1. State the three equivalent ellipsoid semi-axes of segment 88-136, derived from the C-alpha gyration tensor as the square roots of 5 times its eigenvalues, in descending order and whole Å.
2. Of 91, 117, 74, which has the largest mean-square fluctuation in a 10 Å C-alpha GNM of the chain?
3. Compare 207, 124, 159 in a GNM of the chain, Cα atoms joined below 10 Å, and give the one with the largest fluctuation.
4. Could you please rank 22, 146, 44, placing first whichever residue has the fewest other Cβ atoms within 10 Å of its Cβ?
5. Going by how many other Cβ atoms sit within 10 Å of their own, how do 70, 47 line up, fewest first?
6. Could you work out the relative contact order of segment 1-98, using alpha carbon pairs under 8 angstrom and six or more residues apart, expressed as a whole percent?
7. What number results when the radius of gyration of segment 109-229, computed over Cα atoms, is divided by 2.2 N^0.38 Å?
8. Let me understand the chain better: what is its radius of gyration from the alpha carbons, and its Dmax, in angstrom?
């Protein structure tokens with residue numbers, strides 16, 4: 001687990017391509033040859049982290065969606081689970097979302113990552129189709145809605161910082177409202193949103209680096225996000 005934490009921290013800070021196995025080993029105060037005893041390569045390490053992270057997200061999402069039957073509530077469960085995962089494990093999620101290009105479809109673990117992503121997108125496809133079929137969602141193109149919403153929620157790890165003005169539960173509510181509005185659906189009643197939030201798992205991945213961040217007063221602007229340090 002410590003090797004995964006070190007790797008995620010370095011991949012997040014410097015980018016996967018810029019990090020070598022020696023840097024990961026140095027962060028662990030071990031030699032490269034010793035590190036190779038625990039992982040076959042940097043790529044296999046990345047893919048293993050992705051596979052296990054995707055399994056957790058899929059399981060959390062499926063469990064959350066079983067809590068509700070009405071399409072708006074099922075969509076909200078799915079969205080809240082993704083946002084909660086993004087804000088609690090933002091370094092891992094950032095690496096996963098930005099390093100899919102590095103995953104090799106030629107390896108068993110790489111193929112597994114792509115299969116998992118397809119299975120996860122199917123949850124969104126089913127949730128949106130159910131809302132359209134019930135006449136609750138009025139989106140004109142369900143595929144565009146699916147891709148756009150997953151993209152919007154998956155970018156939370158890029159800009160989210162602990163915020164004094166808006167706690168994580170409030171953020172989940174706001175993000176769900178945005179998603180429902182884009183689907184042409186009515187927002188959830190406060191009581192329904194609160195009930196859903198009680199079922200959401202705000203837990204870090206075991207390999208998410210544990211650095212604590214000081215809460216900010218507001219949300220960073222794009223220029224701040226692109227500024228190192």
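Only the coordinates and a few stated rules stand behind these numbers; no lab work does. From a predicted model like this one, the values you see are computed outputs, not experimental measurements. Glycine also receives a Cβ, built like all others from the backbone with ideal geometry; neighbour counts cover every protein chain displayed.
1. Whole-Å semi-axes of the equivalent ellipsoid: 28, 15, 7.
2. It is 117.
3. Largest GNM mean-square fluctuation: 159.
4. Least to most surrounded, the residues fall as 22, 44, 146.
5. Ascending number of Cβ neighbours within 10 Å: 70, 47.
6. Relative contact order, segment 1-98: 28 percent.
7. It is 1.23.
8. Expressed in Å, the Cα Rg and Dmax of the chain come to 18.6, 60.
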